[in-house]
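What follows is a set of notes on a single structure, which appears directly below.
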Amino acid sequence: MSNLNRLVIGISGGIAAYKIPQLIRLLKVNGVETKIVLTPSAFPLVGEDALRTVSANQVYRDGLVNYDMDHIRLAEWGQKLLVCPATANTIAKIAHGIADNLLTTLALSFRESQIIVAPAMNTVMWESRATQENICTLKRRGIIVLPVGFGKLACDVTGAGRMLEPEEIVSYVLASSKSDETLKGKRVLISSGPTEEPIDPVRVLTNKSSGKMGVALAREALIKGAEVTVVSGPSNAVFPSSVCVRKVTTAQQMHDVLHEEFANADVCIMAAAVSDYRVVNYSESKIKRNESGSITLELCPNPDIAATLGAIKGTRILVGFALESSNDESLALAKLEKKGCDFIVFNRADKALGLDSTSIVILGRNGFRKAIDCTDKSVAAQAVLECVVSKPGR
Ligand code: CTP
């Protein structure tokens, strides 16, 4: 169930602002009290009196007497900030930490994990590289960005960019505020991202893992009340601030840190794409081009970290990921056995590596099988953590 009782809604200057009184009413029916903040461009688009009446609270905007402290007071009062509609301009300001009005100042005063953004704009603006990069920045920092709808827009164009309908926004907001505490008191250890094996001072052996699945798993474990530690290989992944992140580079370092943390863990999820090999002879100086032909690198195996953890896991739950290039699930089942995992998450490299979405099949003992096709990594992560909690097949 949702624990959301107090929500600040920041309205920026999109025509969809006229739908916000209905949104407030729907939230009220679901037990959520709202306080409203208007940007200067939203002010002419929606009636302040209507907002005050339906929210039963004062409406906040720039230029009012208490402005200096409002952003602090509102951030203390609200459990979440919903920016809705969020224009391309307001999204860009939030992505860059610009605080030039009450709403954007407020966005800096909330923790990123408390912010939800419902974009609304013209299709070309939505698809522009600038907006898409800003959206990626928000998501990387843990801000929830709701999808946009497709249809006829206020500018008469048909395409992507419509704000979701109030009913859909309410269900997303309530769902994102669920906290079931099923992992309260549990310590969840996650390995994430690629590893890097140095060849010489300028070259490495690595892979295309982005760490996005690790971030999604960490976020979902936090939502379930767990204490979360991530051992992360080199990546640009940004983890929620309450996660303890231990950065490593090589597979051997990841092995050592994971073993150290495993002693205190209840659950370990091996989402990292670990390099199976490292070079035998690291070259202290840059390897020069061989003008007369090819060169050979000799590689030796790295430890299979998951298997070494599986061998000592005791009552802990161990989840592995099997990254394959075919649909053959038996390859994943063989890894489940070999590494002593409780569950193995089968995924295909071409449908997962580096992407926001993935298709997974969670395989467990006694024939347990759950497939989730083409979904956001956060939904896949939820499903993995549900298995950790309910332990089907064990
Ligand atoms: N893994 C590990 N140590 C390694 C390689 C992989 O701990 N040296 C873990 C991964 O984090 C993942 C699981 O083992 O949870 C399966 O990894 P994957 O790359 O799919 O398989 P490999 O065991 O490396 O086998 P192969 O490369 O032959 O498919």
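The values are calculated or read from the model by the stated rules, or taken from the named source; none is laboratory data. Note that the structure is predicted; figures quoted are calculated from it, not measured. Using ideal geometry, Cβ is built from the backbone for each residue, glycine included, and neighbour counts are taken over all protein chains shown. Heavy atoms of the whole protein, side chains included, go into the accessibility calculation; ligands, DNA and RNA do not. Shrake-Rupley method; radii C 1.70, N 1.55, O 1.52, S 1.80 Å.
Just check the range 189-321 against the gyration tensor rule for me: Cα atoms, a ≥ b ≥ c as the square roots of the eigenvalues, rounded for a/c under 1.5, and otherwise prolate or oblate depending on whether a/b exceeds b/c.
It comes out prolate by the Cα gyration axes.
With a ≥ b ≥ c taken as the square roots of the eigenvalues of the C-alpha gyration tensor of the range 40-156, please select rounded if a/c is under 1.5 and otherwise prolate if a/b is larger than b/c or oblate if it is not?
On the way: a/c = 1.89, a/b = 1.30, b/c = 1.46.
Verdict is oblate for the range 40-156.
Computed from label points 7 Å out along Cα-Cβ, the spacing between Ala307 and Asn57 is 5.6 nm. For the chain, the 222 nm mean residue ellipticity estimated from helices alone, with every DSSP H stretch of n ≥ 4 adding -39500 (n - 2.57) and the total spread over all residues, rounds to -9500 deg cm²/dmol. Tell me the carbon and sulfur percent of the accessible area for the chain, rounded to whole percent, probe radius 1.4 Å. Whole-percent figure for carbon plus sulfur exposure: 51.
Karplus-based coupling profile of the range 8-25, in residue order and whole Hz: 8, 10, x, 9, 9, x, x, 4, 5, 4, 5, 8, 5, x, 5, 4, 4, 5, with θ = phi - 60° in 6.51 cos²θ - 1.76 cosθ + 1.60 and x standing for Gly or Pro. Projecting label points 7 angstrom from Cα along Cα→Cβ for Leu108 and Asp266 puts them 3.9 nm apart.
Within the straight-line cut-off of under 23 Å between alpha carbons, the lysines reachable from Lys338 are Lys313, Lys370, Lys391, sequence neighbours fewer than 8 places apart in one chain being disregarded. Anisotropy class assigned to the range 154-204 is oblate, per the alpha carbon gyration tensor with a/c at or over the 1.5 cut-off and a/b no larger than b/c.
Electrostatic tally near Glu165: other residues with Cβ closer than 15 Å to its Cβ, Lys and Arg +1, Asp and Glu -1, net +2.
What accessible area per residue comes out for the chain, rounded to a whole number of Å², with a 1.4 Å probe? Don't jump to the answer; show the numbers that get you there.
Details: 18490 Å² over 394 residues.
On a per-residue basis, 47 Å².
Here the average projected area of the convex hull drawn through the C-alpha atoms of the chain stands at 23.3 nm².
Expressed in nm to one decimal, what extension gain is obtained for the pair Glu298 and Tyr18 from 0.36 nm per residue of sequence separation less their Cα-Cα distance?
Working: separation 280, 0.36 × 280 = 100.80 nm, distance 6.55 nm.
Full-extension gain reported as 94.3 nm.
Computed from the C-beta positions of Asp180 and Glu133, the FRET efficiency with R₀ = 30 Å rounds to 0.35. Extension gain for the segment Leu331 to Cys374, taken as residue separation times 0.36 nm less the Cα-Cα distance, is 13.4 nm to one decimal.
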